[in-house]
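Working notes, structure below.
The values are calculated or read from the model by the stated rules, or taken from the named source; none is laboratory data. From a predicted model like this one, the values you see are computed outputs, not experimental measurements. Note that we place each Cβ from the backbone using ideal geometry, even for glycine, and neighbour counts take in every protein chain shown.
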Amino acid sequence: MTPDTRADILAALVGALGPDVVTAPAQIEPRYLGDWVMALTTGRPSALVRPRTTDEVSTTLRLCHARGVPIVPQGGRTGLVGGATPIDGCVVLSLERLAGIEEVDPAGSTMTVRAGTPLQAVQEAAQKADLFFPLDLGARGSCQIGGTVATNAGGNRVIRYGMTRDLVLGLEVVLADGTIVRSMNTLIKNNAGLDVRQVFVGSEGTLGVVTRIVLRLYPAPRSTCTAFVACPDYERVVALLRHAQAGLGGTLSAFEMMWPDFYTLMTTHVPGMPRPLPLGSAAYVLIEALGSEPEPDLARFERMLEAAAGAELLTDAVIAQSPAEARGFWQVRDGSGDFPRIGWPGKSFDIGIPTPRIGAFVDACRAALVRRWPTAETAFFGHIGDSNLHLHAKVTEGEQPQADIEAVVYDEVRAWHGTISAEHGIGVVKRPYLAHSRSPEEIAVMRAIKQALDPTGILNPGKILD
Ligand SMILES: Cc1cc2nc3c(=O)[nH]c(=O)nc-3n(C[C@H](O)[C@H](O)[C@H](O)COP(=O)(O)OP(=O)(O)OC[C@H]3O[C@@H](n4cnc5c(N)ncnc54)[C@H](O)[C@@H]3O)c2cc1C
């Protein structure tokens, strides 16, 4: 981009929005220059814009559109595929000031919220109204609801409540040319033509900027039952999943499996990590049920586990006797954030394989890594009920040959007809592998939608598609 274009867009933005909203390149703080996994290493943005209103977002896009200047939308910058990383010459559009809860409607069980609101604030506002917003993930304090919509985030309770797209009833979005599309639907059922909102959910800032959202809320749970169990093999894990779904009357809210490589690493090497069950089992599962009546719910939970033991689906089980003990179980499952502390790469793979085949896939994937690097070590865990698997791989000491590891893992995923992204999106990091999981025809449809909504390609260029 020429110096003239940079100066021109900066002057136009400052003129329209003022210096309080627009920051010049030299004053942009480093945190806006990257996200959780990537940073801009060469070049610099033309400006940082932090609008407080949808109209200011619209003005920003209109001015950039007229000049062909790229825009990179940013939420909490916790995305794991580099989607919010700026590119040289772009305008960084941070949604952090467009925050706040506009309305909680207990009768309709909906919440209207601005895109820059942190996920945790959404959860707390629902709780205050004695309701429940079920989306939950480790980045809850930093990620924004708009970012979770833009990535269609998953998290721990998908098995019961679905992904973010299942929790979005309506949204307001600003198109590349500045047009504001208000699709603030509050209806559960609305089949009046194509469902416009869903085009933008999971579009990673490439089709429009999400500014306001209508969320679906649920009744607040009154009871939580949590167990940590050991199983003799993967087939029995799948049987236990179906048994728990059938036996818990729709209250199953998490079914998180850990392979022994993951469980051993976490409970042996991470200081202070609890070990709910002894080492030596073929599989470990954290099971959670959210219900409405504490005593009958616990009795049913115990009956379900006893029957599973009787059918030899599990070999050992412990039920949390307190919220603190339940948190300890979750600490093991969420220990993936502790990998850097024990000298492992922090980068985890987020892939999807049909649930019944995950056990065999894990064996094949591990074998493929060891064939290439005989000293390779792996740690597998995942949201098995959602056919979602995570993997950390350490194939050598020191710096990991990340691109080579990706090639091995994603080639296996393609061979098993899985997906290279179950919940994190594509961004920049997974872009080279999109065709491993999507057909040429599917990619052509994506390009056609992009062309229709952003013909000059200014919205988050280089993300998802090249
Ligand atoms: C510790 C940790 C745990 C995580 N756990 C999970 C998990 O369990 N499940 C899961 O699915 N993900 C998980 N994630 C990744 C997850 O994608 C993000 O945390 C979250 O969804 C991104 O929100 P954000 O506000 O940080 O978005 P950012 O990282 O800022 O942006 C992500 C993408 O969305 C775009 N974007 C952001 N806001 C908007 C907007 N308003 N309009 C249009 N585009 C926008 C950006 O351009 C970018 O492409 C985790 C991340 C971390 C760091």
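Figures for the structure shown
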| item | result |
| --- | --- |
| Any chance V209 is in contact with a Gly (Cβ under 7 Å, 6 or more places away or on another chain), within 16 Å of the ligand (Cβ to nearest atom) and β-branched (V, I, T) | no |
| Identity of the residue in the stretch 1-43, of a type in the set (G, A, S) and over 33 Å from the mean Cα position of the chain (by Cα), that ends up surrounded by the most Cβ atoms within 10 Å (Cβ to Cβ) | A12 |
| Residue in the stretch 84-105 that is farther than 19 Å from I458 by Cβ, modelled with pLDDT under 95 and outside any helix (DSSP H, G or I) present | no |
| Members of the stretch 112-169 found to be in contact (Cβ under 8 Å) with a residue 60 or more places away in the chain, part of a loop (DSSP other than H, G, I, E, B), at negative phi and within 7 Å of the ligand (Cβ to nearest atom), listed by number | A115, G138, A139, S142, C143, A153, G154, N156 |
| Count of residues meeting criterion [more than 16 Å from the ligand (Cβ to nearest atom), in a loop (DSSP other than H, G, I, E, B) and among the polar types (S, T, N, Q)] in the stretch 396-434 | 2 |
| Qualifying positions in the stretch 312-355 - aliphatic (A, V, I, L, M), more than 20 Å from A422 (Cβ to Cβ) and out of contact with any His (no Cβ under 7 Å at 6 or more places or on another chain) | L314, A317, V318, I319, A320, A324, A326, V332 |
| Single condition M266 does not satisfy, out of (1) closer than 27 Å to F339 by Cβ; (2) assigned to a helix (DSSP H, G or I); (3) out of contact with any Gly (no Cβ under 7 Å at 6 or more places or on another chain) | (3) |
| Residue satisfying condition, being exposed (fewer than 15 other Cβ atoms within 10 Å of the Cβ) and modelled with pLDDT of 95 or more, within set R357, R366, R438, R372 | R372 |
| Pair list, Cβ under 7 Å, 6 or more apart: the stretch 21-47 residue free of Cβ contacts under 8 Å to residues at least 24 places away in the same chain, other residue within 15 Å of the ligand (Cβ to nearest atom) | P25/P45 |
| Boolean, A244 is surrounded by 14 or more Cβ atoms within 10 Å (Cβ to Cβ), at pLDDT 95 or above, of a type in the set (A, V, I, L, M) and farther than 20 Å from G155 by Cβ | no |
| Inter-residue pairs, beta-carbon under 8 Å, first over 21 Å from G100 (Cβ atoms) and in the stretch 199-212, second of a type in the set (D, E) and modelled with pLDDT of 95 or more, 6+ apart | T206/D454; L207/D454 |
| Test: A317 is out of contact with any Cys (no Cβ under 7 Å at 6 or more places or on another chain) and part of a helix (DSSP H, G or I) | no |
| Residue in the stretch 210-223 that is modelled with pLDDT of 95 or more, surrounded by 18 or more Cβ atoms within 10 Å (Cβ to Cβ) and of a type in the set (G, A, S) present | no |
| Residues of the stretch 282-324 satisfying the condition of being free of Cβ contacts under 8 Å to residues at least 60 places away in the same chain and surrounded by 20 or more Cβ atoms within 10 Å (Cβ to Cβ) | A283, Y284 |
| Members of the stretch 170-183 that are within 12 Å of the ligand (Cβ to nearest atom) and small (G, A, S) | A176 |
| Count of the stretch 73-86 residues which are touching a strand residue (DSSP E or B) at 6+ places or on another chain (Cβ under 9 Å) and within 6 Å of the ligand (Cβ to nearest atom) | 9 |
| Selection status of D195, more than 13 Å from the ligand (Cβ to nearest atom), in contact with a His (Cβ under 6 Å, 6 or more places away or on another chain) and more than 25 Å from D350 (Cα to Cα) | no |
| Complete set of residues in the stretch 157-183 that are surrounded by fewer than 18 Cβ atoms within 10 Å (Cβ to Cβ) and under 17 Å from S109 (Cβ atoms) | G162, D166 |
| Meets criteria (in a loop (DSSP other than H, G, I, E, B) and out of contact with any helix residue (DSSP H, G or I) (no Cβ under 9 Å at 6 or more places or on another chain)) for P271 | no |
| Number of the exception - P51 against (1) out of contact with any helix residue (DSSP H, G or I) (no Cβ under 6 Å at 6 or more places or on another chain); (2) under 23 Å from V113 (Cβ atoms); (3) not β-branched (V, I, T) | (1) |
